[in-house]
Amino acid sequence: MTQPSPPPGWYADPAGGGGSRWWDGRTWTEHVQQPPAPAQPQPVQQQYGAAPRRSVLHDQPVLLVNQKTKLVELTNEYAVLDAHEVQIGAVVEVGQSTAKKVVRFVSSLDQYLTHRLEVRDAYGPVLVLTRPAKLVKSRVVVETPEGAPVGEIVQATVFGRIRFDLVVGGQLAGAIQAENWRAWDFSITDHVGTEVARITKSWEGLARTLFTTADRYVVRVHARLPEPLASLVLASALTVDTALKQDARGFG
């Protein structure tokens, strides 16, 4: 007994290829459908995180960071220069109470307290960075001036070569790896481990004596970066002394 033909419809293509071919009830036609391509995950920097105002600070291949000298340092303040030694921005600590300034004046306990920093260009705040009070490991919350979250810089290790993870929406967006903490060699990588920036104390364009303390350093960004990775790299570079390096005092 002859089996009845299947009704018209899309069926697995007998010619192979993984698609479907239209059966008209009597014969296979030339109409073929290919399966939809699987959705490609977007890079982590495009999935999450607010996009701050794009500043001249984001697109500099070289940033020179110089702490302003004060007789008694009660607040952190840094000048940010371009490769031609022209100031294009600043990092300023904000929101310090009188009590906190007193603690900072008489002790070093302020390293465990909350720090809030503004990254500014000529037009005003670009990023706001908050390092909440901590005991051992710390993190830096990166936000737009309006308070929208951009990402976080989270301390991943305590001993040895310190590492901080760049986290956006709960996903790893990159890392800061201290290759040699005492010599100020930091590698900043993206979510696949490619180096996108580097922080050192070596800059051939300035006087030899300029980079003689941990308060002056150079940041090299290897390429124009998408958001929010660009802002996380900028935050990492401009706060490595104030918000990050003090978390590893005593460790090499």
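The values are calculated or read from the model by the stated rules, or taken from the named source; none is laboratory data. Values in this document were obtained by computation on a predicted structure and should not be read as measured data. Cβ sites come from the backbone with ideal geometry, for glycine too, and all protein chains shown count toward neighbours.
Picking from E118, E152, which residue would you name as being charged (D, E, K, R), at pLDDT 85 or above, in the same structural domain as L232 (by TED's automatic domain parsing) and farther than 22 Å from R216 by Cβ?
After applying the criteria, what remains is E152.
Among the residues of region 182-193, is any part of a loop (DSSP other than H, G, I, E, B), modelled with pLDDT under 90 and of a type in the set (D, E)?
No, that holds for no residue.
Kindly provide the set of residues from region 200-214 that are buried (at least 17 other Cβ atoms within 10 Å of the Cβ) and either modelled with pLDDT of 90 or more or assigned to a loop (DSSP other than H, G, I, E, B) (or both), ordered by number.
Once the filter is applied, which keeps residues that are buried (at least 17 other Cβ atoms within 10 Å of the Cβ) and either modelled with pLDDT of 90 or more or assigned to a loop (DSSP other than H, G, I, E, B) (or both), region 200-214 yields W203, F211.
Counting just the residues of region 123-169 that are surrounded by fewer than 15 Cβ atoms within 10 Å (Cβ to Cβ), in contact (Cβ under 8 Å) with a residue 40 or more places away in the chain and of a type in the set (A, V, I, L, M), which one comes out nearest to V91 (Cα to Cα)?
A148
Select the strands (runs of 3 or more DSSP E) contained entirely in region 1-74, then report the ones holding at least 2 residues which are within 34 Å of the chain's Cα centre (by Cα), hydrophobic (A, V, I, L, M, F, W, C) and at pLDDT 75 or above.
Correct list: 62-67.
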